[in-house]
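This report refers to the structure that appears directly beneath it.
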């Protein structure tokens, strides 16, 4: 019988590497997460969930790593950590459990809440300090009219220049005080030749131009008087236009735009009434009479008297409605 030769290999068979399920992107993600878990980089809540009945695996902590935040862990805080928790709450803005000085902390909290400071800003601590603060507040919200020395009334007379004399140019300017005293009254020579003197209304004649002040010099003097003053006038925007000037609206009182005057005189509130009619109805005075023309001094004084009729009520209305100034 021929010999039977068996070729047997007793070495352990090579095991095939188990292929990970999922796509290439998913397998890369799983390997990355395992590496982060091994390093302890992932947060506790990001670790994979534990199997039922088995405790959740705690992530390893590296040496020198920061402890987890108090709000990130579930369950009660150990007594050994209560001090650090209270310290963290104090840093977050809550009131400390035991203030070092209760009275001082209470004052500081009242100041932060917007209440009145205990010590006035001017440094006075006597009994007169509250009265001064109260007076200052009333002065701010009060309705007191401007001081008399801050009030002036102005009226201007114009002549015609340019083609056909249709352009109005300043020919006389008058400014009076609160009491009616004349502060300025001069004839003004326009920079362009006068075509129409409009004597019937302006009262200006050719002889007045011989001694009239140049426009630029007169304008400079008038603006010095009006600076910082409350200017009263009737349709005063025309006077400012002739002066090539724009006065602050908050310092302007136009008697043709005050509804209270129209109401007192029995006229419609939304209609501009002439200075002559308002003066007759409210002051029982006749102005702008005769054929000699108007007097700017007379008109300015009448305008100031009309303003005085409703001064307190009008100023109080402007304080309550500052957008109408």
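The values are calculated or read from the model by the stated rules, or taken from the named source; none is laboratory data. Everything quoted here is computed from the prediction, not taken from an experiment. For neighbour counting, all protein chains shown are included, and Cβ atoms are generated from backbone atoms with ideal geometry for every residue, glycine included.
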In the set 272, 300, the lone residue that is under 18 Å from residue 237 (Cα atoms), within 39 Å of the chain's Cα centre (by Cα) and surrounded by 17 or more Cβ atoms within 10 Å (Cβ to Cβ) is 300
Picked from region 283-315 (must be farther than 18 Å from residue 151 by Cβ and touching a helix residue (DSSP H, G or I) at 6+ places or on another chain (Cβ under 7 Å)), the residue modelled with the lowest pLDDT is 291
Among residues of region 205-243 being out of contact with any strand residue (DSSP E or B) (no Cβ under 8 Å at 6 or more places or on another chain) and assigned to a loop (DSSP other than H, G, I, E, B), the residue surrounded by the most Cβ atoms within 10 Å (Cβ to Cβ) is 205
Output for Cβ contacts, cut-off 7 Å, separation at least six or different chains, first residue in a helix (DSSP H, G or I) in region 182-200, second surrounded by 17 or more Cβ atoms within 10 Å (Cβ to Cβ) and modelled with pLDDT under 95, reads 199/293; 200/293
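Got a sec? Which of 260, 282 is within 20 Å of residue 231 (Cα to Cα) and either part of a helix (DSSP H, G or I) or within 34 Å of the chain's Cα centre (by Cα) (or both)?
None of the other options fit; the residue is 260.
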> Has region 244-258 got any residue that is surrounded by 13 or more Cβ atoms within 10 Å (Cβ to Cβ), more than 27 Å from residue 160 (Cα to Cα), modelled with pLDDT of 95 or more and in contact with a helix residue (DSSP H, G or I) (Cβ under 8 Å, 6 or more places away or on another chain)?
Replying inline: no
